[in-house]
Amino acid sequence: MEIIKLKNGVRVVMEHMPTLRSVCLGIWIKTGSRYETRSINGVSHFTEHMLFKGTKKRSAKDIADEMDAIGAQMNAYTTKEYTCYYARTLDEHFEKSIDVLSDMFFNSVFDPEEIEKEKNVILEEINMYEDTPDEVANDIMQHNVWVGYPLSYSVLGIKKSVNSFSSQTFIDYLKKRYTPKNIVIAVAGSFNKDNTLELVKQYFEGHQSKEDASSPGATTYTKSIATKEKDIEQLNIQLGFPGISINDESIYAMGALNTFFGGGMSSVLYQSIREKRGLAYSVYSYNSAYEDVGLFTIHASLVKDNAKEVLATVFEEIEKMKKNKITSEQLSKTKDQLKSYYILSLESSSSRMSNIGRSLIMLNRVLTPDQIIQRIDDITIDDFYRVFEQVLDPKKASLSVVGPIQNMDFEEML
């Protein structure tokens, strides 16, 4: 694996996987809804859509036709803190993929007619999420615990801001955020290193723009209760706790805590709430790790009559874990699970590209798989409980609930 910085500040990370015939190219930009203002909330995600809608020399159909002709898998996604455009092809078609992706990246035209059409698509996407109660529960949780900070903003944006966007909105945003120091090019799979680096330099080293020195600033967690009435059968409940940031060395111990407590079918919460008591069909946990903060979330889908007992059971299991410490055998099994999940997630060029690209854009470094495995192996029981005490504090618990909430007192349940 190699990391190279181009003359203009664009960083390139490449990992050769000689046993494959595919290669995956990703263009990563350190921007997302966390870097927006309320008036342009959703512009990062909308920009991602618009880069597929035509350039100075290719129409949207041309882009699709050229990539389909070589059997490429091409897509993009936006998060709160980064955006990624990627293409996975056979190694013999790498030059075509970088030509098309760089054309989209530098030469998109933001045609007003296409913008108006795409507004309808994104408004439908917002409506679709409104019909997905677990996503709504997560959105209102994030909105409330990060209230007053851009981290609270939805990646999709709100209808008012989306409807206000014009060509100039996107042009201004690209000038501000799509700058060389915010860009990482990640390549993984089967490729010739020298030829690939020359192509990356050819397409990206000439990119110049004024650097944006703005920062989203520090974010503070606020304990909250958020509810939303929906005419559906189940309640979707989320308990949130201040989590661990992606830059914190405790992130590996956080992974162990999540796996043991709510990360799978053998986890404490799944066994206690679903298997032993039959209180919920779905129950799981996850840590959302951002640059400087995190949010540990427990999600359960259940009938409303079981809500009080489910929440009581979660807090009961937290108390049990304080008294009955995890054993060496349990921790060893949990670490084996973590290592297996990690290694199995790396067995394609696209997953490796995602891993190295996200690491460099967010952490400014890339650890090898062996280094990650070592960090997992090094987790001790003391590390586990240091994170446990920091994160699973019932006094800091936030709650979000979506579903038939009439006549329910959630203050009482916390």
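The table that follows gives values for the structure above.
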read-out: Scope the range 132-147; condition free of Cβ contacts under 8 Å to residues at least 40 places away in the same chain and assigned to a loop (DSSP other than H, G, I, E, B); matching residues; value: Thr132
read-out: Test: residue in the range 316-335 that is open to solvent by less than 10 Å² (accessible area, probe 1.4 Å) and either touching a strand residue (DSSP E or B) at 6+ places or on another chain (Cβ under 9 Å) or in a strand (DSSP E or B) (or both); value: no
read-out: Residues of the range 99-118 classified as assigned to a helix (DSSP H, G or I), β-branched (Val, Ile, Thr) and either within 19 Å of Arg352 (Cβ to Cβ) or open to solvent by 50 Å² or more (accessible area, probe 1.4 Å) (or both), total; value: 0
read-out: Among the candidates Leu338, Leu367, residue that is within 30 Å of Met74 (Cα to Cα), surrounded by 15 or more Cβ atoms within 10 Å (Cβ to Cβ) and at pLDDT 95 or above; value: Leu338
read-out: Near pairs, Cβ below 7 angstrom, 6+ apart or cross-chain, from the range 200-211 (on the phi > 0 side of the Ramachandran plot and small (Gly, Ala, Ser)) to any residue that is modelled with pLDDT under 95 and not in a helix (DSSP H, G or I); value: none
read-out: Of residues in the range 76-98 being within 19 Å of Leu174 (Cα to Cα) and either free of Cβ contacts under 8 Å to residues at least 40 places away in the same chain or among the basic types (Lys, Arg) (or both), the one least open to solvent (accessible area, probe 1.4 Å); value: Ala76
read-out: Positions within the range 336-368 being among the polar types (S, T, N, Q), in a helix (DSSP H, G or I) and under 17 Å from the mean Cα position of the chain (by Cα), in sequence order; value: Ser350, Ser351, Ser354, Asn355, Ser359
read-out: Conditions (1) within 23 Å of Ile115 (Cβ to Cβ); (2) touching a helix residue (DSSP H, G or I) at 6+ places or on another chain (Cβ under 6 Å); (3) assigned to a helix (DSSP H, G or I); number of the one not met by Met74; value: (3)
read-out: Tally, over the range 196-211, of residues that are buried (at least 17 other Cβ atoms within 10 Å of the Cβ) and in a loop (DSSP other than H, G, I, E, B); value: 1
read-out: Some residue of the range 166-178 being part of a loop (DSSP other than H, G, I, E, B), more than 24 Å from Asn364 (Cβ to Cβ) and either of a type in the set (Asp, Glu) or open to solvent by less than 70 Å² (accessible area, probe 1.4 Å) (or both); value: yes
read-out: Filter result (among the small types (Gly, Ala, Ser), free of Cβ contacts under 8 Å to residues at least 12 places away in the same chain and closer than 21 Å to Val13 by Cα) within the range 320-358; value: Ser345, Ser351
read-out: Qualifying positions in the range 16-55 - buried (at least 22 other Cβ atoms within 10 Å of the Cβ) and acidic (Asp, Glu); value: Glu36
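The values are calculated or read from the model by the stated rules, or taken from the named source; none is laboratory data. Predicted model, so just to flag it, every value in this text is computed and none were measured. We place every Cβ from the backbone using ideal geometry, glycine too, and count neighbours over all the protein chains shown. Ligands, DNA and RNA are stripped out before the accessible areas are found, and what is left, the full protein with its side chains, is counted by its heavy atoms. Shrake-Rupley method; radii C 1.70, N 1.55, O 1.52, S 1.80 Å.
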